[in-house]
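Q: Structure below; questions to follow.
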Amino acid sequence: MLTFDNPLALLLIPLIGILWLIARFSKLAIALRHKRLMTLMRAAILVLIALATAQPNFRLGGDEVSVSYMVDVSRSISPAYVEKAFSWIAGAQGKFKPASSNIVVFGKNSAVVRDLDEAKTLSVLDSGASANTLSENFIEQSGTNIESALDESLASLGKNKTNRIVLFTDGNETDGSVVNVLEIAKRSHTKIFPMVADSIEVSDAWIESVRLPKRIRAAEPVSVLARLYSPRDGSLALSLASEEKNILTQKFQVQTGLNEIALTASFPNPGDVNLSVEIAMDGDEFLENNAQTLGVWVERKAKVLYVEGMEDSNKYLQAALESAGFEVELRSANNLPSLDSLKGFDTIILSDVLATSLPVSSMKDIRSFVRDYGGGLVFAGGENTFGEEGYSDSVLEELLPAEFKAQEKKKELALVIAIDRSYSMKGRKIEYAKEAARASLDLLEEQHQFGVVAFDSQPYVPVPLQPVKSKRKAEALISRIQASGQTNIYPALGIVYRLLKDVEAPTKHVILLSDGDTAPAEFERLIERMREKNIVISTVTIGEGGNPGLMKQISDWGNGRNYMALSAESIPQIFTEETQKVVGTSLVEEQILTVVKQPTQALSGITFADAPALKGHIAVKEKDTAEVVLATQDGSPLLARWQYGLGKVFMFSSDVKNRWSADWMTWDGYGKFWAQLTRDSLKQLGSDTVFFDVSQNGDSARFSLTLLDFDGRFLNNLSPNLRIRTGDTEDIREVPQVAPGRYEIELPLGNKAISGALVISDQITEQMADMAGSRTIFPGYPLEYRFSGTNRELLGLIADTTGGKVSPVSDEVFRVAEKLDTKSPVWVYLIALAILLYLVDIFIRRSPILWEKYRK
């Protein structure tokens with residue numbers, strides 16, 4: 001039957017009439033019969049073109065079946081199932097007798113044979129890791145390439161027949177992707193019927209993959225992430241070895257299926273290292289997939305420049321860092337390397353360095369090292385880093401994540417201590433209160449004014465408000481205060497007000513110590529009057545049994561701070577802290593507890609709740625974009641960090657040595673904390689201009705090299721060479737450019753490791769070769785050795801895409817619901833005939849013989 005895909009084109013045929021009209025009225029001086037012949041030829045050409053444009057087709061129908069049987073004989077298929085598949089084929093062939101048929105036997109490669117007898121003569125072989133070079137003499141069992149086999153099967157089917165493919169497989173592809181050819185099968189109306197194969201039954205554990213960081217430093221702890229498959233719940237031993245030396249062997253509890261296990265390992269020396277990973281599990285029946293070897297390029301140790309202000313104390317941190325695998329170089333503050341030399345370090349540690357001992361030029365070099373070259377900086381405090389000789393407003397403070405709150409002590413200051421000496425204070429409380437008053441007095445200077453008001457039901461003034469000249473006399477007067485009577489705060493505040501209201505000092509401060517259990521009074525009105533005279537009141541509440549709410553109100557009304565002293569022992573510390581804030585010094589020497597504010601990698605595995613108290617720190621204030629990682633118990637920053645340009649900066653407001661951190665040094669977490677903090681500050685490992693890597697791409701090793709200049713521009717049109725080592729052989733291979741700045745080469749990956757290293761040349765400098773290092777890749781076991789059962793999802797996709805069915809009976813395969821309707825296009829022949837007539841027309845017009853014959 002003839003059909004047209006574009007029937008509207010047939011409307012061109014009536015235009016032939018116009019052609020005849022043109023011929024009729026043409027004044028061409030030729031014979032009439034000659035003119036009629038030419039017009040007839042041109043009309044025929046026009047008709048042929050119109051018919052061709054209409055795209056005519058002859059449609060043919062048929063019910064003959066052409067079938068191709070695909071049989072997977074790879075290692076994961078049970079041999080008994082292959083025999084079962086052959087038996088199924090024999091039965092189908094005998095029953096349905098298709099018009100044409102063949103058998104495609106496949107694994108990693110495939111072969112097309114005519115019948116079962118020929119199929120059974122094929123050789124199969126499992127070459128394992130050596131199977132990268134395939135042979136036509138046998139079917140390789142160490143892989144499964146359904147895509148390639150299906151492509152051959154489609155090409156072998158008959159034309160103008162009802163095509164069927166029966167696919168015997170478990171659906172586990174190791175090479176290619178069958179999805180790539182499913183559309184071809186669909187367009188050719190070939191239905192595929194997957195038959196679910198029985199996988200080989202084996203209790204097998206295997207290594208799925210092993211991953212390490214892209215770049216590794218010598219002696220640096222790195223995470224090794226292993227994905228392992230276990231056939232059951234149980235115990236599995238995992239071993240790591242390098243250069244035939246065992247690194248560790250550890251047992252893990254695993255569950256059925258895939259398990260992810262993380263281990264920590266380190267490589268003591270730089271260079272090319274072979275890491276072997278191996279598993280062992282009781283009852284494992286297949287051992288060829290239990291080991292994997294990786295090539296690891298290990299770079300030099302992290303290099304730390306350590307500058308300690310108290311040089312006789314540098315041994316503590318130095319020992320901790322060196323035992324953690326760092327290379328530590330000690331320098332004094334006035335002997336720092338130049339910027340060019342600083343670039344060779346990964347981080348700088350400045351510990352309790354006197355600002356005046358650090359030249360401004362060195363500060364600028366450190367700033368450039370961090371900002372422009374990605375170096376790290378760890379700044380630790382100490383007694384030399386505060387006060388008039390500290391770093392406030394310095395070049396170095398600019399790159400620190402916190403600013404120093406150090407300032408000169410206030411020249412004019414009047415401080416009054418109001419102490420509750422009621423009967424409830426008898427004993428240890430009154431003694432600690434007197435000690436606290438003496439501690440506050442000790443922080444004052446001679447030009448400051450100091451006084452003490454003691455009160456029970458009635459106040460009195462044991463230490464009159466006067467300039468601090470003889471601290472010993474004031475201390476003696478404080479010591480005579482005794483506890484007795486009831487509490488009445490209001491009269492005491494009245495005495496304090498009278499003492500301070502006419503004092504000319506710009507800072508007038510009161511520290512009130514009581515439990516707050518007092519008679520009601522007009523406190524707010526009195527404190528308002530005190531506030532008008534610039535008198536600030538801070539309160540210290542003893543215990544929780546009195547009236548802590550009133551004490552809090554008094555401090556709020558008085559624009560001061562409120563403290564809660566849950567024990568008598570804490571009173572001196574609170575007084576000291578408050579007096580320091582009033583006086584203006586940033587040096588805080590007291591028991592400092594460590595509070596984690598932001599968990600980070602630097603704090604991983606450290607329990608700060610078990611850490612001893614530090615004995616002091618420098619009061620600092622974090623900058624707007626900084627992150628406080630550790631804080632003191634009152635919320636002051638202890639460890640702050642931020643990103644400064646390309647580098648990281650950490651600031652630790654306590655010290656690292658045997659003064660404030662004396663107790664930390666006996667703590668197990670001291671070395672770990674400083675090692676992890678230093679490691680977190682290191683500059684990014686590796687080069688910014690040379691990137692070299694190797695990966696497996698199917699059966700090939702792909703070496704990739706990216707080259708940039710120091711301004712980040714791609715280096716193009718180079719001819720880099722690699723020194724390739726395979727076993728005992730060595731070869732030099734040029735690496736072609738494949739993209740801007742990127743060069744790649746693929747080499748066959750056989751059963752031996754392949755190593756590649758840059759060759760020094762006019763274009764590749766020694767520095768570039770050193771930065772690239774060497775890369776090695778080892779052939780792994782074939783993916784066919786992962787006996788993971790049937791991939792039913794893929795088999796279902798194959799059937800659904802092509803209109804087939806999973807695991808059909810033979811009748812469903814060979815049933816033809818309707819005759820195959822195929823169309824054969826005719827337009828090609830019509831165009832060819834039109835061209836032929838056109839040539840004849842030219843001949844008619846140009847031939848002298850015809851001109852003579854049809855002259856009359």
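Q: Got a sec? Which residues in the stretch 696-726 would a label at Leu783 touch, if it sits 7 Å along Cα→Cβ and we count backbone N under 19 Å?
A: Only 696-703 fall inside the zone, counting backbone N under 19 Å.
Q: With every protein chain left in place and a probe of 1.4 Å, what is the accessible surface of Ser719, to the nearest 10 Å²?
A: 50 Å²
Q: Shape of the stretch 466-526 from its Cα gyration tensor (a ≥ b ≥ c, root eigenvalues): rounded if a/c is under 1.5, otherwise prolate when a/b > b/c, or oblate?
A: Oblate, since a/c reaches 1.5 and b/c is not below a/b.
Q: Report the far tail of the P(r) of the stretch 72-180, meaning the percent of Cα-Cα pairs longer than 21 Å.
A: Cα-Cα pairs of the stretch 72-180 separated by over 21 Å account for 34 percent.
Q: Looking at the square roots a ≥ b ≥ c of the eigenvalues of the Cα gyration tensor of the stretch 715-836, which shape do they give, rounded for a/c under 1.5, prolate if a/b is larger than b/c, or oblate?
A: The shape class here is oblate.
Q: Right, next: Using the Cα centre of the chain as origin and beta-carbon charges of +1 (Lys, Arg) and -1 (Asp, Glu), tell me which of Thr190, Ile844, Pro825 is placed farthest towards the positive end of the dipole.
A: Selected residue: Ile844.
Q: A further question follows. Only Lys, Arg, Asp and Glu count, each charged at its Cβ (+1, +1, -1, -1), so figure out the dipole size of the stretch 715-845 about its Cα centre, rounded to 20 debye. It would help to have the intermediate numbers written out before the result.
A: Numbers: 13 positive and 17 negative charges, 69 e Å.
Dipole about the Cα centre, nearest 20: 340 debye.
Q: Using mean Cβ contacts within 10 Å as the protection proxy, how do 751-762, 458-469 order, highest first?
A: 751-762, 458-469
Q: Now for a different question. What's the FRET efficiency of Ile835 with Glu136 using the Cβ-Cβ distance as r and R₀ = 51 Å, to the nearest 0.05?
A: For R0 = 51 Å, the calculated efficiency reads 0.70.
Q: Where Rh is the Kirkwood radius over the Cα pairs of the stretch 181-302, the temperature 4 °C and the viscosity 1.567 mPa s, what D in µm²/s does Stokes-Einstein return?
A: Here the translational diffusion coefficient equals 77 µm²/s.
Q: Next question, about the same structure. Given 10 Å bins starting at zero, what is the percent of C-alpha pairs of the stretch 655-746 in each, up to the one with the largest pair distance?
A: Over the stretch 655-746, the share of Cα pairs per 10 Å bin runs 13, 28, 18, 14, 14, 12, 0 percent.
Q: Next question. Loop only by DSSP, 13 or fewer other Cβ within 10 Å of the Cβ. Give me the trypsin sites (Lys or Arg not before Pro) in the stretch 132-173 that pass, ordered by residue number.
A: Lys159
Q: List residues of the stretch 306-340, by number, whose backbone nitrogen lies under 16 Å from a label position 7 Å along Cα→C-beta of Ser266.
A: Inside the label zone: 317-329.
Q: Rounded to the nearest 20 Debye, what is the dipole magnitude of the stretch 734-806 about its Cα centre when Lys and Arg each give +1 and Asp and Glu each give -1 at the C-beta?
A: Roughly 480 debye, rounded to the nearest 20.
Q: Now for a separate question. Can you give the translational diffusion coefficient of the chain in µm²/s, computed by Stokes-Einstein from the Kirkwood radius over Cα pairs at 20 °C and 1.002 mPa s?
A: 59 µm²/s
Q: Among Leu493, Thr625, Gln580, whose Cα sits farthest toward the positive end of the charge dipole of the chain (+1 at Cβ of Lys/Arg, -1 at Cβ of Asp/Glu, about the Cα centre)?
A: After comparing all options, I get Thr625.
Q: So for the chain, taking the charge dipole from beta-carbon charges (+1 Lys/Arg, -1 Asp/Glu), which of Leu2, Gln93, Gly374 sits furthest toward the positive end?
A: Positive-end residue among those listed: Leu2.
Q: Determine the gain in length on full extension of the stretch Asn6-Asp556; use 0.36 nm per residue of separation and subtract their C-alpha separation, reporting nm with one decimal.
A: This chain segment gains 188.8 nm when fully extended.
Q: How big is the dipole moment of the chain about its Cα centre under a simple scheme where the beta carbon of each Lys and Arg is +1, that of each Asp and Glu is -1, and everything else is neutral? Debye, nearest 20, please.
A: 4340 debye
Q: Which value results when the Cα radius of gyration for the stretch 346-499 is divided by 2.2 N^0.38 Å?
A: Compared with the compact-globule rule of thumb, the stretch 346-499 sits at 1.56.
Q: Using label points projected 7 Å from each Cα along Cα→Cβ, tell me how many nm separate Arg331 and Asp709, to one decimal.
A: According to this spin-label approximation, the distance is 3.0 nm.
Q: Within 12 Å, Cβ to Cβ, of Ala85, how many net charges do the neighbouring residues add up to if Lys/Arg are +1 and Asp/Glu are -1?
A: Cβ neighbours under 12 Å give a net charge of -2.
Q: Something else now. Efficiency by 1/(1 + (r/R0)^6): what FRET value for Asp693 and Ala237, r their Cβ-Cβ distance, R0 = 25 Å, to the nearest 0.05?
A: Once the sixth-power term is evaluated, E becomes 0.20.
Q: Sorted from largest down, what three extents in whole angstroms do the Cα atoms of the stretch 642-795 have along their principal axes?
A: 62, 53, 36
Q: Further question: Per 0.36 nm of contour for each residue apart, how much would the distance between Gln250 and Ala99 grow if the chain were fully extended, relative to their Cα-Cα spacing?
A: Net length gain for the segment: 48.1 nm.
Q: Go ahead and estimate [θ] at 222 nm for the chain from helices alone: -39,500 (n - 2.57) per DSSP H run with n ≥ 4, summed, over the residue count, rounded to 500.
A: Computed mean residue ellipticity for the chain: -8000 deg cm²/dmol.
Q: At Asn716 and Val202, where each label point lies 7 Å from the Cα along Cα→Cβ, what is the point-to-point distance in nanometres?
A: If labels sit at Asn716 and Val202, their model points lie 5.1 nm apart.
Q: Here's something else I'd like to know. Compute the FRET efficiency between Ile760 and Asp668 as 1/(1 + (r/R0)^6), taking r as their Cβ-Cβ distance and R0 = 45 Å, and round to the nearest 0.05.
A: 0.40
Q: Which whole DSSP H helices in the chain pass both tests: a Cα extent of 24 Å or more along the axis and a mean Kyte-Doolittle value no lower than -1.0?
A: 32-53, 79-96, 827-846
Q: Among the GluC sites (Glu not before Pro) in the stretch 99-176, which ones are in a DSSP loop with at most 13 other Cβ atoms within 10 Å of the Cβ? Mind listing them?
A: Listed in order of number, the matching sites are Glu136.
The values are calculated or read from the model by the stated rules, or taken from the named source; none is laboratory data. Everything quoted here is computed from the prediction, not taken from an experiment. Reconstructed Cβ throughout: ideal geometry from the backbone, glycine too, with neighbour counts over all protein chains shown. All accessible areas refer to the heavy atoms of the entire protein, side chains included, with ligands and DNA or RNA removed. Shrake-Rupley method; radii C 1.70, N 1.55, O 1.52, S 1.80 Å.
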